[in-house]
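Working notes for the structure below.
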Amino acid sequence: MTDVATGEATELLQQLIRNKCVNDGTPDSGNEDRQVATLGSYLDLPGAEVQSFAKRDGRGNLVLRIEGTDKKAPTLLLMGHTDVVPANASGWQRDPFGGELVDGEIWGRGAVDMLNLTTTMAVAAKQLVREGFRPRGTLVYLAVADEENQGIYGAEFMTEKHWDAVGADHVISENGGVRSDLPTTTAGLKLNLTIAEKGTQWVNLRVKGVPGHGSAPYAADNAVVKAAQIVARVAAYAPPVRLHEIWRRYVAAMAFPPDLDRSFTDAERIDAVLPSLPGGVAKLVHASTRNTFSPNVLRGGTKTNVIADEALVEIDIRTLPDESRDDVRALLQDAIGDLWSHVELVSESDNVSTASSFDTPLKDVLDRVTRSLLPEAVLVPAMTVGATDNRFFRRKGAVAYGYGLMSPELPMSQFRSMFHGRDERVHVESLRLSTELWVRTAREFLA
Ligand SMILES: [Zn+2]
């Protein structure tokens with residue numbers, strides 16, 4: 001890798017951070033057109049055809065294609081999102097939108113989620129265009145809006161309305177390639193290759209009661225009281241542990257010490273080990289081995305002296321692979337018990353979990369290329385418990401992975417704490433590694 005590319009990546013990332021494309025979930029936030037303008041001028045060079053698409057004014061998406069010479073060869077899409085989540089400057093050591101370079105690290109919201117990858121994918125694409133890359137298979141670079149709020153103006157829109165521009169059978173997006181700092185019994189740098197993600201089944205419930213005077217609550221049918229009981233039941237609910245094949249493969253590849261391995265592969269023992277694990281790890285192990293139910297919103301009542309006739313409860317349910325909406329609803333019903341007859345299901349999303357195989361030609365290429373850059377690396381198949389834009393492509397039949405390369409200086413525990421957290425920053429070395437990863441992967445996979 002030339003220093004030129006790393007320098008370009010540094011400057012581009014700084015600019016994307018400073019563009020401050022904060023997505024707060026409202027349709028008028030994000031303003032990703034600023035990223036489209038920055039990326040568009042960066043990628044403006046002879047031989048590069050850049051297009052932009054928007055479902056809503058201000059919320060653009062950018063596509064650059066390097067057409068392959070053989071229509072039957074695979075297409076590789078490198079996808080990065082351009083929006084970021086809000087950041088409250090008061091908790092930070094540096095300006096979250098300053099894009100400062102300090103001691104080899106670039107600071108700011110989006111530095112690891114995921115402007116770093118969006119940047120390095122663009123730098124790699126530019127390098128390939130410059131060198132006159134003429135692959136058999138097509139390379140597509142896609143910078144999307146709105147990943148942080150369900151991809152409505154981004155990946156969902158692009159896959160539904162512009163498949164001609166972004167259709168691909170192989171996709172790489174966020175995130176992976178981060179060194180595990182869990183104990184292991186074998187040598188090597190264990191890097192996660194994210195092959196699957198949990199599903200989301202967000203549920204809104206309405207709880208009904210009978211209004212009355214707050215001065216005489218005897219035998220009242222109070223919606224707020226019932227909603228509070230429902231929230232407490234859902235929070236206390238222990239859904240069945242299920243050790244999915246992807247979890248088992250992850251555990252096997254990690255080669256944990258025997259006691260940990262035994263706990264992680266036995267549904268009866270796994271919960272007992274959680275309290276002894278570091279906080280972040282315990283959360284991850286817990287969420288990776290069952291459907292989770294988190295009641296996060298509770299609203300109800302109208303006035304202090306009126307018995308509540310209505311309350312609303314919103315529950316964030318995350319589902320394992322191969323679970324149907326009905327299976328999961330049955331669990332929720334089980335959690336709520338006899339109060340189920342007091343609720344009305346207002347809405348229920350149906351975003352099932354998606355997964356790709358670990359055993360693919362793309363994985364083989366990523367494995368080889370990674371080892372050419374980090375000789376100690378071992379790829380470990382992983383499932384993310386959050387959601388990414390990869391789901392839209394997996395549903396279209398693509399193999400989609402979450403990957404990238406982070407400097408081995410950064411362990412997974414630290415990486416995770418920066419995600420949507422404070423003091424988000426990335427090593428320039430990570431930009432160098434990822435840029436080179438994309439260039440070499442495109443050359444090898446599309447040759
Ligand atoms: Zn992200």
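The values are calculated or read from the model by the stated rules, or taken from the named source; none is laboratory data. The structure presented is a predicted model; accordingly, all values stated were derived computationally and were not measured. Here Cβ is always computed from backbone atoms with ideal geometry, including for glycine, and neighbour counts include all displayed protein chains. SASA here: full protein model, heavy atoms, side chains in, ligands and nucleic acids out. Shrake-Rupley method; radii C 1.70, N 1.55, O 1.52, S 1.80 Å.
For the structure I just gave you, tell me whether GLU160 is open to solvent by 10 Å² or more (accessible area, probe 1.4 Å) and within 16 Å of the ligand (Cβ to nearest atom). Spelling it out, it is not the case that GLU160 is open to solvent by 10 Å² or more (accessible area, probe 1.4 Å) and within 16 Å of the ligand (Cβ to nearest atom).
The residue that is surrounded by the most Cβ atoms within 10 Å (Cβ to Cβ), among those in segment 342-379 that are of a type in the set (S, T, N, Q), closer than 30 Å to VAL207 by Cα and at pLDDT 95 or above, is SER353.
For the residues SER341, SER413, SER372, the requirement of being small (Gly, Ala, Ser), without any contact (Cβ under 8 Å) to a residue 60 or more places away in the chain, assigned to a helix (DSSP H, G or I) and more than 16 Å from the ligand (Cβ to nearest atom) singles out SER341.
Return the residue satisfying two criteria in turn: it lies in segment 4-19 and is touching a Lys or Arg at 6+ places or on another chain (Cβ under 7 Å) and either modelled with pLDDT of 95 or more or charged (D, E, K, R) (or both), and of such residues it is farthest from ASN116 (Cα to Cα).
To start, the set of residues in segment 4-19 that are touching a Lys or Arg at 6+ places or on another chain (Cβ under 7 Å) comprises 6, 17, 19.
Among the residues that remain, those that are also either modelled with pLDDT of 95 or more or charged (D, E, K, R) (or both) are: 17, 19.
Details: ILE17: 9, ASN19: 14 Å.
That would be ASN19.
Can you name every residue in segment 274-290 that is surrounded by fewer than 15 Cβ atoms within 10 Å (Cβ to Cβ) and assigned to a loop (DSSP other than H, G, I, E, B)? Answer for segment 274-290, where residues must be surrounded by fewer than 15 Cβ atoms within 10 Å (Cβ to Cβ) and assigned to a loop (DSSP other than H, G, I, E, B): just PRO278.
Could you tell me whether ASP28 is open to solvent by less than 60 Å² (accessible area, probe 1.4 Å), of a type outside the set (S, T, N, Q) and touching a Gly at 6+ places or on another chain (Cβ under 8 Å)? For ASP28, the condition - open to solvent by less than 60 Å² (accessible area, probe 1.4 Å), of a type outside the set (S, T, N, Q) and touching a Gly at 6+ places or on another chain (Cβ under 8 Å) - is not met. Kindly check whether there is at least one residue in segment 91-106 that is in contact with a strand residue (DSSP E or B) (Cβ under 6 Å, 6 or more places away or on another chain), within 25 Å of ARG416 (Cα to Cα), within 16 Å of the ligand (Cβ to nearest atom) and of a type in the set (D, E, K, R). Within segment 91-106 (the criterion being in contact with a strand residue (DSSP E or B) (Cβ under 6 Å, 6 or more places away or on another chain), within 25 Å of ARG416 (Cα to Cα), within 16 Å of the ligand (Cβ to nearest atom) and of a type in the set (D, E, K, R)), the answer is no, since none of the residues qualifies. Taking segment 31-44 as the range and being open to solvent by 10 Å² or more (accessible area, probe 1.4 Å) and either at pLDDT below 95 or within 19 Å of GLY151 (Cβ to Cβ) (or both) as the test, the residues that pass are ASN31, ASP33, ARG34, VAL36. Report the residue count in segment 23-67 for those that are closer than 21 Å to ASP113 by Cα and in contact with a His (Cβ under 7 Å, 6 or more places away or on another chain). Qualifying residue count, segment 23-67: 0.
Looking across segment 416-447 at every residue that is more than 29 Å from GLY279 (Cα to Cα) and in a loop (DSSP other than H, G, I, E, B), the one that is modelled with the lowest pLDDT is identified as ALA447.
GLN35: closer than 25 Å to MET418 by Cα, over 23 Å from the mean Cα position of the chain (by Cα) and of a type in the set (S, T, N, Q), yes or no?
no
Being assigned to a loop (DSSP other than H, G, I, E, B) and either surrounded by fewer than 19 Cβ atoms within 10 Å (Cβ to Cβ) or of a type in the set (Val, Ile, Thr) (or both) is true of ARG56.
Of everything in segment 175-192 that's charged (D, E, K, R) and assigned to a strand (DSSP E or B), which residue is farthest from the ligand (Cβ to nearest atom)? Show your work before the answer.
Just the residues of segment 175-192 that are charged (D, E, K, R), to begin with: 179, 181, 190.
In the following step, the residues that additionally are assigned to a strand (DSSP E or B) were identified as 179, 190.
Details: ARG179: 19, LYS190: 22 Å.
By that ranking, first place goes to LYS190.
Under 27 Å from HIS420 (Cα atoms) and of a type in the set (D, E, K, R) - does that describe any residue in segment 198-219? The answer is yes; a qualifying residue exists.
When residues in segment 193-210 are screened for being assigned to a strand (DSSP E or B) and open to solvent by 20 Å² or more (accessible area, probe 1.4 Å), 4 of them pass. Report, by residue number, each residue of segment 122-157 that is away from the ligand (no atom under 13 Å from the Cβ), open to solvent by less than 10 Å² (accessible area, probe 1.4 Å) and under 17 Å from the mean Cα position of the chain (by Cα). Hit for segment 122-157 is LEU142, nothing else. Please enumerate the residues belonging to segment 292-314 that are over 30 Å from HIS213 (Cβ atoms) and either in contact with a helix residue (DSSP H, G or I) (Cβ under 6 Å, 6 or more places away or on another chain) or loosely packed, with under 14 Cβ neighbours inside 10 Å (or both). Listed by number, the residues that qualify are PHE293, SER294, ASN296.
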